[in-house]
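Asks: First the structure, then my questions, so here it is.
Please treat every number below as a calculation from the coordinates, not as lab data. Treat the numbers as computed from the prediction; the structure is a model and nothing was measured. Every residue, glycine among them, receives a Cβ derived from its backbone with ideal geometry; neighbour counts consider all protein chains shown.
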Amino acid sequence: MGGLFIFWTYSDDSKQKKLFNEYYKVFPIEVPKTSQFAGEKIPLEDYEVVERFDRELLLNTYWQSNTLLIMKRSKRWFPILEKILKKNNIPDDFKYLCAVESGLINTVSPAGATGFWQILETTGKELGLEINDEVDERYDPIRSTEAAVRYLSTAYKLFGNWTEVAASYNIGMNGLRRAIQTQKANSFYDLMLNSETSRYLFRIFALKEILENPLKYGFIVEDKDLYPPIKTKIVTVDTTINDLAEFGKKFYISYKYLKLNNPWLRKNKLSAKPNKKYKILIPGSQPQFSPYYDEWLDSLMTITIDTSKTLPVGDSLPKISE
């Protein structure tokens, strides 16, 4: 065991300092001269905007472990998000909002915002998600993306500007609307907002910049280093499943892998609802399931969200997350 550790002693402090100064280097980040989000120009001629962008570029570049994990997960999840966003005319850049919200994992905030898109329970139900003891569709990357599309569509009807739509995802539509009216501002960049919302969009901008230009920021990542998509096929269920572990055995998978690929299943059973069908993903070997996966991925392009079911644009617009 002693061979696992190397203890390097120094005769004096000067040698240690010399080695430290020779080998440890930290460099500032050069902020891009031009940049855009969802086709809308970021005003980088404004020094205050540049400094906010600079802050988040520094933090996301030098928080290497977190940014690298998002890079790794992006290969698995971005193709799914991209297809649903594209089909429903939501700019592709909103996948970076999702990545900032959750790191592309199913996480729960202290306020109870849940899933990839960090949706609160009340808002999730208003957006058409089933949320109860057995099923919580906020944990389903596809269904939660559909809910996020409904929110984003509603916000765009209100603001007509994708940058402000993204800001509203953090502060809420009412909160942003009040700030614009009170401050008589012409754009998001003119607003004085709380620290969290002020930083929020620039975290998205920074993550987009780094993921689109990894080498520029020192990330040397090969395709083999990224997490591959999980090859699955769909089993459609419209009857009650009393024991999910037994159900999984029929498809030669463990309860663990059934739940990992269907995290929206919150109990060990699934009670059927009238006129509702559930799509359960069954993972399998890569070569065997590739045709199923490709067909499933293509099918996401057929998902058109009914935007008539978006949130009402009124005085009681809820926040989607916390």
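Asks: With +1 on the Cβ of every Lys and Arg and -1 on the Cβ of every Asp and Glu, and nothing else charged, how large is the dipole of the chain about its Cα centre, in debye rounded to the nearest 20?
Replies: Here the size comes out at about 800 debye.
Asks: If a/c stays under 1.5 just call it rounded; otherwise compare a/b with b/c (prolate if a/b is bigger, oblate if not). Do that for region 36-225, with a ≥ b ≥ c from the square roots of the Cα gyration tensor eigenvalues.
Replies: oblate
Asks: Ordered by packing density, taken as the mean number of other Cβ atoms within 10 Å over each peptide's residues, highest first, how do 68-79, 113-124 rank?
Replies: Those peptides, ordered most packed to least, come out 113-124, 68-79.
Asks: So what's the net charge close to GLN183: Lys and Arg +1, Asp and Glu -1, counting the other residues with Cβ under 12 Å from its Cβ?
Replies: Net charge around GLN183: +2.
Asks: Which of THR67, THR182, THR232 ends up with the largest GNM mean-square fluctuation for the chain, with Cα atoms connected below 10 Å?
Replies: In the Gaussian network model the winner is THR182.
Asks: Going by the alpha-carbon gyration tensor, a ≥ b ≥ c the square roots of its eigenvalues, is region 105-147 rounded (a/c under 1.5) or, if a/c is not under 1.5, prolate (a/b greater than b/c) versus oblate?
Replies: Rounded, because the longest to shortest axis ratio a/c is under 1.5.
Asks: May I pose another question? What is the sum of charges around ASP225, taking Lys and Arg as +1, Asp and Glu as -1, for the other residues whose C-beta is under 12 Å from the C-beta of ASP225?
Replies: Once positives and negatives cancel, what remains is +2.
Asks: Before rounding to the nearest 500, sum -39500 (n - 2.57) across all DSSP H runs of length at least 4 in the chain and divide by the residue total; then give [θ] at 222 nm in deg cm²/dmol.
Replies: -14500 deg cm²/dmol
Asks: Let me know the shape class of the chain, please: from the alpha-carbon gyration tensor, a ≥ b ≥ c as square roots of the eigenvalues, rounded when a/c is under 1.5, otherwise prolate if a/b is greater than b/c, or oblate.
Replies: Oblate.
Asks: Next question. Of the chymotrypsin sites (Phe, Trp or Tyr not before Pro) in region 171-274, which ones lie in a loop per DSSP and count no more than 11 other C-beta atoms within 10 Å?
Replies: Here the sparse-neighbourhood loop sites are TYR252.
Asks: List every DSSP H helix in the chain whose Cα atoms extend 30 Å or more along the helix's own long axis and whose mean Kyte-Doolittle hydropathy is at least -0.5.
Replies: Span-like helices in the chain: 64-87.
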